[in-house]
Amino acid sequence: RSAWGAFRSVALPLARPAIVAGTALALMETLADFGTVAHFGIPTFATGIYRTWSSMGDRIAAAQLSSILLVFVVLLVWVERMSRKQARYHHTSKRYQEITGLQLNGWRAVTAFMFCALPMVVGFLAPLAMLLWMHMSDGHDLFSPRYLEMITNSVMLAGITAILAVVLSLFLVYVANYQRSWLAQFANKVVGLGYAVPGSMIAVGILIPLAAFDNAINTLMQETFNISMGLIFTGSLAALVLGYLVRFMAVSMNTIQASLAKVTPNMENVSRTLGNGPFNTAMKVHVPIISGGLMTAGLIVFVDVMKELPATLIMRPFNFDTLAVQAYNLASDERLAQAATPSLVIVAVGILPLILMSRAIMRSRPGSQKNS
């Protein structure tokens, strides 16, 4: 077959789950975007929920807007899952043919280079150059105590959330795949909604019940022991981390689920034939094979939490700022040169995990390296 024929008949069908997942991911990102539409004054559900909550103080209206948006989110997730249905793909052999590059010449080489370079130039290099220019012209001191505190806050929240997300996602995915529990299947479907939901909607959905719970505990402690407990959940980082988990658990679950495709049914059958139970099979077979996927899932969640804005704006404790919040506040005041400083730090902190993630993905490609 020709190269184009092989692509249509072999590569494209195999890539179908990834194409559908990538398209759904782009739609979810657009639906949940806050910073861009807020800066350009575009009214969306995400900005409307935030303004209704923070500026008007109307919790009921914010909850109503969130409920309407939830209908669209459920519909989007349903369409994405119906398009994939129950399709699953496994590599049945470790005898891969090494992937070799195709040498292009002339106009084909120029076209391929321009096509591949365009997203990098428009989406990264050009904005990065503008941020660097604005920072050097009138930016803030990057090593001031204030910025070091915000960097610490951002990295701490991202690290805690990434670890919890990977652990919880591994548990839910494993139980849903191998124990066939209806409860785990249902939990996976509910968790999958999180990434399509804007952070402002998640914040409203979490703060309303948690605030009532905090008030109930505080009232009980005052009436019983004459002790004021304060806001245990909504006044601490607990609510914020919970919001991050609800928002980004779907990311880590999808990554781990894709990594489990490396584990063929034959591997599991051999392990269980040797007398290993579900837990030992998971620890001795699954975890070592998908360790790269676990790291990738953690890195993706880490980067996403670093730049998460609406949930942080609503649920953060008093006097607790992150780099994303600082960049938003400065940009809202049209102090774009000063806003470039925290934005550059977010980019710098996010580049290293992305490099590691890219290397892990390249190593995990079948046939990308010779088997010894």
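The values are calculated or read from the model by the stated rules, or taken from the named source; none is laboratory data. Note that the coordinates shown come from a computational prediction; the quantities given were computed from them, not determined experimentally. Using ideal geometry, Cβ is built from the backbone for each residue, glycine included, and neighbour counts are taken over all protein chains shown.
Residues of the range 325-332 include at least one that is modelled with pLDDT of 85 or more, of a type in the set (A, V, I, L, M, F, W, C) and more than 24 Å from Val197 (Cβ to Cβ). It is to be established whether one or more residues within the range 252-264 are closer than 22 Å to Ile163 by Cβ, surrounded by 20 or more Cβ atoms within 10 Å (Cβ to Cβ), modelled with pLDDT of 85 or more and assigned by TED's automatic domain parsing to the domain that holds Met28. Yes; the residues of the range 252-264 include at least one that is closer than 22 Å to Ile163 by Cβ, surrounded by 20 or more Cβ atoms within 10 Å (Cβ to Cβ), modelled with pLDDT of 85 or more and assigned by TED's automatic domain parsing to the domain that holds Met28. I'd like to know if the range 193-204 contains one or more residues that are assigned to a helix (DSSP H, G or I), in the same structural domain as Gly293 (by TED's automatic domain parsing) and surrounded by fewer than 17 Cβ atoms within 10 Å (Cβ to Cβ). No. It is to be established whether one or more residues within the range 211-225 are touching a helix residue (DSSP H, G or I) at 6+ places or on another chain (Cβ under 7 Å) and surrounded by 19 or more Cβ atoms within 10 Å (Cβ to Cβ). No.
Quick check on the range 11-23: of everything there that is of a type in the set (Gly, Ala, Ser) and either out of contact with any Lys or Arg (no Cβ under 9 Å at 6 or more places or on another chain) or not assigned by TED's automatic domain parsing to the domain that holds Val204 (or both), which residue is nearest to Leu207 (Cα to Cα)? Before you say what the answer is, go through the steps one by one.
Going through the range 11-23, the residues of a type in the set (Gly, Ala, Ser) turn out to be 11, 15, 18, 21-22.
Imposing the further condition that a residue be either out of contact with any Lys or Arg (no Cβ under 9 Å at 6 or more places or on another chain) or not assigned by TED's automatic domain parsing to the domain that holds Val204 (or both) reduces the set to 11, 15, 18, 22.
Values: Ala11: 46, Ala15: 40, Ala18: 34, Gly22: 31 Å.
Across the range 11-23, the extreme among qualifying residues is Gly22.
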